[in-house]
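Readers should treat all values here as calculations from the given coordinates under stated rules, not as data from a laboratory. Every value quoted in this text rests on a predicted model; they were computed, and no experiment measured them. Don't worry about glycine lacking a Cβ; one is built from the backbone with ideal geometry, like all the others, and counts go over all protein chains shown.
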Amino acid sequence: MKRPLLLLAAIFLAVISLRAQEDVDSLALLRASVARQNYDALTAYAADVTVVATRRVPRSDFYLWCGHLADGSWGRDGNWYPDETQVLYLSREGDDGSRDIVWSSPGDTAWTPPVPICDEAVSPGDERFPMLSPDGKRLYFASDGLFGAGGYDLYVAHWDPQKKIWGQVQNMGFPYSSKGDDLLFYDTPDGRYSVLASNRDCGRDSVVIYVFRQETPVFRPIDRKEVAAREKLAVTAPESGYTFVKLSPIAVPNIRFAEPEEKFEEGFRIGKEGAFARNNHLPAGLVYQVQLFVRSGQPTVQQLKGISPVFTHPQRSGKILCAAGLFRSYSEAETALAAIKRAGFPSAFIIAFDSGKSIPLTQARKKESSVKVITEEVRIVK
């Protein structure tokens, strides 16, 4: 009897393996289909760019060829450290291994706790190579998890001086973003050039540095026949006096970040098993939460994917809205949002309440700036 049982077990495992492979293949096909549709949408319009120089360099340290920046301002971790007295924008690895663009300010004894620049810039993938424009109004970065044409695309976030927040994250469009890995973009401090690093026209172990004349991009409709030629970014107006300079890297600076203080009795966490809040009532005052989903019928613990505490808010339609955590600070809610998206809720977003009543985020942010902020530690438990 052992041989038939062993044979059945082998057949069963083979079927499971085939189904698992089918699932992987189906997911890969779906991603490829989405990337093609995104590429078609991006390449319907193109910006006119004037390329003055290019250079092919190794991918391992391509960022050191950005010679317009100060020597010794690049760390070996691929982050840019312009000045120890300024705000830092870093690509920082989280507990789950993925990277987010975070920012931190210098304090008296330590840098402030790093938080994502904004929820629009958080994805299930990696965000890398943040570069601040010379005027401080734009933050460029690369992502392989936001709306794009496959691989890494280039994005820009815009600074809102009134609200003092980053927002309006946009794909930079074609030809800045392509089918390849578009990893880095910045404007030179002298106002003459823009620089793009991409492997669109070389092997995956190399990167080409493209130097443009710095111009305000104007996007116009283009014919499909023009796409391939436009994507190559050939030199159209060479500058004989332009030279590439390789910078020297530095060891990663020893930056100590302050830890947020834990103030709430029932802290937010992501672990092996989620849980609903024991007391489902919101506290008085301003509170942020992260909306997970809206369901018909009573939600289950299995649907929480390890998140706790989760509050339920019955809706007039009869459905139930589920939201995680209690945060007095928008920045703490942003930190939680990044982890929640990676936990399996890519469409999650931040909502706000004032003494239990739902209010717009803009109103909440304005009110928060006028009250004392209480922060909460966000714990990710494996």
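One quarter of the convex hull surface, Cα atoms only: what value does that give for the stretch 269-380 in nm²? Intermediate results must be reported in sequence, preceding the final value.
On the way: hull surface 26.9 nm².
With the hull built on Cα positions only, its mean projection is 6.7 nm².
Starting from the Cα of R192, step 7 Å along the direction of its Cβ; do the same at S60; then give the gap between the two resulting points in nm.
It is 3.2 nm.
May I ask you to list the trypsin sites (Lys or Arg not before Pro) in the stretch 83-165 that are in a DSSP loop and have at most 13 other Cβ atoms within 10 Å of their Cβ?
Numbers: sites: R92, R99, R128, K137, R138, K163, K164; in loops: K137, K163, K164.
Sparse-neighbourhood loop trypsin sites (Lys or Arg not before Pro): K137, K163, K164.
Efficiency by 1/(1 + (r/R0)^6): what FRET value for A258 and D160, r their Cβ-Cβ distance, R0 = 35 Å, to the nearest 0.05?
Given R0 = 35 Å and the Cβ-Cβ separation, E is 0.90.
Once a ≥ b ≥ c are taken as the square roots of the eigenvalues of the Cα gyration tensor of the stretch 298-337, is the result rounded (a/c under 1.5), prolate (a/b larger than b/c) or oblate (a/b not larger than b/c)? Let's see the in-between values first.
Working: a/c = 3.17, a/b = 1.51, b/c = 2.10.
Since a/c reaches 1.5 but b/c is at least a/b, the shape of the stretch 298-337 is classed as oblate.
Give the range of the longest stretch in the chain that excludes all chymotrypsin sites (Phe, Trp or Tyr not before Pro) found in loop regions by DSSP and having at most 14 other beta-carbon atoms within 10 Å.
On the way: sites that count: Y242, F244.
That would be 1-241.
In whole Å, what is the distance between the alpha-carbon centres of the stretch 280-325 and the stretch 82-125?
That distance is 28 Å.
Starting from 0.36 nm per residue, how many nanometres of slack lie between R224 and F276 once their C-alpha separation is accounted for? Walk me through the intermediate numbers first.
Details: separation 52, 0.36 × 52 = 18.72 nm, distance 5.20 nm.
Going from the current span to full extension adds 13.5 nm.
Where in the chain are the helices, taken as whole DSSP H runs, whose Cα atoms extend 20 angstrom or more along the long axis and whose Kyte-Doolittle mean reaches at least -1.0? Don't skip to the end; give the middle numbers.
Values: long enough: 2-42 (59 Å, 0.61).
Both cut-offs are met by 2-42.
With the crude spin-label approximation of a point 7 Å out along Cα→Cβ, what separation in nm comes out for A110 versus K366?
3.5
Which entries in K137/K164; K179/K341; K179/K232; K137/K232; K164/K367; K164/K366 show an alpha-carbon gap greater than 20 Å?
Values: K137/K164 11 Å; K179/K341 25 Å; K179/K232 11 Å; K137/K232 29 Å; K164/K367 13 Å; K164/K366 10 Å.
From K137/K164; K179/K341; K179/K232; K137/K232; K164/K367; K164/K366, over 20 Å: K179/K341; K137/K232.
Please compute the length gained on full extension between V301 and K137, using 0.36 nm multiplied by the number of residues separating them and subtracting their Cα-Cα distance.
Working: separation 164, 0.36 × 164 = 59.04 nm, distance 4.30 nm.
Extra length available between V301 and K137 comes to 54.7 nm.
Given 10 Å bins starting at zero, what is the percent of C-alpha pairs of the chain in each, up to the one with the largest pair distance?
Going from the shortest bin to the longest, the percentages are 4, 20, 27, 23, 16, 7, 2, 0, 0.
Given only helices, namely DSSP H runs of n ≥ 4 each adding -39500 (n - 2.57), what is the per-residue ellipticity at 222 nm of the chain, to the nearest 500 deg cm²/dmol? Display every interim value, and only then the final one.
Numbers: 4 runs with 68 residues, N = 382.
It comes out at -6000 deg cm²/dmol, rounded to the nearest 500.
Pick from V122, V211, V34 the residue whose mean-square fluctuation is largest in a GNM of the chain, springs joining Cα atoms under 10 Å.
V34
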